[in-house]
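For reference, the structure is listed below as structure tokens.
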Amino acid sequence: KYLSDSIRELTSLTSLDVYNNNLQSEGCMYLCQSLPRLKSLKTLMISTNDLAPEGGVILARGIQNLTSLTCLDVGYNSLGTEGGMALAESLKEMTILSKLSLAGNNFRGDAFRAISESISGLTVLTSLKF
């Protein structure tokens, strides 16, 4: 919550790295409340935060309008099928994404397929960790 309150006013922030902070879904919810104000954000590193499926859904909603993102790392959060499906929808809007890390999220079946379809439209993607 405190981080969210602080970054809310940093509207020119271009990179945010909250790697390995044990945010879980609740912390992700607070963080995502600030994301819509960060129109200049190009890099978001939120890996290894134990977001779980619920946090994955929250994150997907929080990033869906961050079309300026060029680098997104959501690895090792155990997002599962539910989080993966939600993330797949958000990825469709990120047309200038060049680096994407999704490893360690236990995607299966429908989520794996949906994400694969979404990233196939990311024509400027140069780095993918799945």
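The values are calculated or read from the model by the stated rules, or taken from the named source; none is laboratory data. None of these values were measured; they are calculated from a predicted model. Glycine also receives a Cβ, built like all others from the backbone with ideal geometry; neighbour counts cover every protein chain displayed. Accessible surface areas use protein heavy atoms only, side chains included; no ligands, DNA or RNA. Shrake-Rupley method; radii C 1.70, N 1.55, O 1.52, S 1.80 Å.
Worth a mention:
- Being of a type in the set (A, V, I, L, M, F, W, C) and open to solvent by 50 Å² or more (accessible area, probe 1.4 Å) is a condition met by at least one residue of the range 9-23.
- When residues of the range 81-130 are limited to those that are open to solvent by 30 Å² or more (accessible area, probe 1.4 Å), hydroxyl-bearing (Ser, Thr, Tyr) and part of a helix (DSSP H, G or I), the one farthest from Ala52 (Cα to Cα): Ser116
- With respect to being open to solvent by 70 Å² or more (accessible area, probe 1.4 Å) and out of contact with any helix residue (DSSP H, G or I) (no Cβ under 6 Å at 6 or more places or on another chain), Asp73 falls outside the description.
- Contacts under 6 angstrom Cβ, first residue in the range 41-61 being closer than 19 Å to Leu97 by Cβ, partner open to solvent by 50 Å² or more (accessible area, probe 1.4 Å) and assigned to a loop (DSSP other than H, G, I, E, B), 6 or more apart: Lys42/Thr14; Met45/Tyr19; Ser47/Tyr19; Ser47/Tyr76
- Note on the range 39-62: residues that are open to solvent by less than 10 Å² (accessible area, probe 1.4 Å), more than 11 Å from the chain's Cα centre (by Cα) and under 20 Å from Lys92 (Cβ atoms) amount to 1.
- Among residues of the range 110-121 that are under 17 Å from Gly80 (Cα atoms), those with a beta-carbon under 6 Å from a residue that is open to solvent by 20 Å² or more (accessible area, probe 1.4 Å) and assigned to a loop (DSSP other than H, G, I, E, B) at least six positions away or on a different chain give the pairs Ser118/Lys92.
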